[in-house]
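Structure first, commentary second.
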Amino acid sequence: TQLLEQSPQFLSIQEGENLTVYCNSSSVFSSLQWYRQEPGEGPVLLVTVVTGGEVKKLKRLTFQFGDARKDSSLHITAAQPGDTGLYLCAGRFGGGSQGNLIFGKGTKLSVKP
Amino acid sequence: KAGVTQTPRYLIKTRGQQVTLSCSPISGHRSVSWYQQTPGQGLQFLFEYFSETQRNKGNFPGRFSGRQFSNSRSEMNVSTLELGDSALYLCASSLFTGRETQYFGPGTRLLVL
């Protein structure tokens, strides 16, 4: 059974601080996605990483896919209250169906002004 | 282009009842997936429909069922509701099945009393 573990589960920081969220698995994934979900809404895709060692940047967010494609991290620089939300990672272990996308339980981030 | 819409947004039912949730995908999208989200288990895949055919099914009991219509709209049904079925039910659509990017709706929050 493929499992994705995210850490930390909860994170409360002050505006302007930096933070890193981790996503780990014992399985190799063909790709990994990061989503952000705000209260009362569905998850919104932030990025997809495919190649081991790949780094992608989205403004103040930096995403990294591990060399072995078993782990990933999300780093936020100078966090802002608008970054508050649930961050989910999702690993894909095959093609053919959306059912091959496994989600972690998420990291709930709160950024206080 | 309108996003994924789900109705109703909120629902309260009692144990033993049944419920039907509806999802209208983004125009032109032919794949619809359903997920159950709870604090304890996170986001779990229920099933995926593509061109009116179920492509994949998650590890849920037979009380959970779904269907897709020729216009790609989808419904999911839960019969004989249990307290543990209380959750946020999310629908996601994509152009095709497989590795396509999914776009989530806002979800239907179901409370079973």
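The values are calculated or read from the model by the stated rules, or taken from the named source; none is laboratory data. Note that the structure is a prediction, hence the values are computed from the model and not measured. Note that each Cβ is placed from the backbone with ideal geometry, even for glycine, and that neighbours are counted across all protein chains shown. Just the protein is used for accessible areas: all its heavy atoms, side chains included, with ligands, DNA and RNA removed. Shrake-Rupley method; radii C 1.70, N 1.55, O 1.52, S 1.80 Å.
Quick one: how many residues across the range B:15-35 are under 23 Å from B:Gly98 (Cβ atoms), open to solvent by 10 Å² or more (accessible area, probe 1.4 Å) and either without any contact (Cβ under 8 Å) to a residue 60 or more places away in the chain or hydroxyl-bearing (Ser, Thr, Tyr) (or both)?
Residues meeting the conditions: 2.
Just checking, which of A:Ala90, A:Ala68 is out of contact with any His (no Cβ under 9 Å at 6 or more places or on another chain), hydrophobic (A, V, I, L, M, F, W, C) and either within 29 Å of B:Thr108 (Cβ to Cβ) or not in a loop (DSSP other than H, G, I, E, B) (or both)?
After applying the criteria, what remains is A:Ala90.
Would you mind finding the one in B:Thr5, B:Thr108, B:Thr38 that is open to solvent by 40 Å² or more (accessible area, probe 1.4 Å), under 27 Å from A:Gln33 (Cα atoms) and in contact with a strand residue (DSSP E or B) (Cβ under 9 Å, 6 or more places away or on another chain)? Break it down into steps so the answer makes sense when it comes.
Working: B:Thr108 fails: open to solvent by 40 Å² or more (accessible area, probe 1.4 Å); B:Thr38 fails: open to solvent by 40 Å² or more (accessible area, probe 1.4 Å).
It is B:Thr5.
Pick from the range B:96-105 the residues that are open to solvent by 10 Å² or more (accessible area, probe 1.4 Å) and within 13 Å of B:Gly3 (Cα to Cα): which of them is nearest to the other protein chains (Cβ to nearest Cβ)? Even if it seems obvious, please write down each step before you answer.
Of the range B:96-105, the ones open to solvent by 10 Å² or more (accessible area, probe 1.4 Å) are B:96-97, B:99-101, B:103-104.
With within 13 Å of B:Gly3 (Cα to Cα) added as a condition, the list becomes B:103-104.
Working: B:Tyr103: 8, B:Phe104: 3 Å.
Filtering first and then ranking leaves B:Phe104.
Go through (1) under 12 Å from the mean Cα position of the chain (by Cα); (2) away from every other protein chain (no Cβ under 14 Å); (3) surrounded by fewer than 21 Cβ atoms within 10 Å (Cβ to Cβ) for B:Val78 and report which single condition fails.
(3)
Among the candidates A:Thr84, A:Thr20, A:Thr48, single out the residue that is of a type in the set (Ser, Thr, Tyr), farther than 27 Å from B:Gly3 by Cβ and open to solvent by 10 Å² or more (accessible area, probe 1.4 Å).
A:Thr20
Pull out all pairs, ordered by first then second residue, where Cβ-Cβ is under 7 Å, the residues are six or more apart or on different chains, the first lies in the range A:20-38 and is within 11 Å of chain B (Cβ to nearest Cβ) and under 18 Å from A:Leu58 (Cα atoms), and the second is at pLDDT below 90 and open to solvent by less than 10 Å² (accessible area, probe 1.4 Å).
A:Ser31/A:Arg92
For the range B:45-75, enumerate the residues that are open to solvent by 30 Å² or more (accessible area, probe 1.4 Å), of a type in the set (Asp, Glu) and either facing chain A (nearest Cβ under 10 Å) or not in a strand (DSSP E or B) (or both).
B:Glu52
From the list B:Phe45, B:Phe64, B:Phe96, B:Phe50, pick out the single residue that is over 22 Å from A:Cys89 (Cα atoms) and modelled with pLDDT under 95.
B:Phe50
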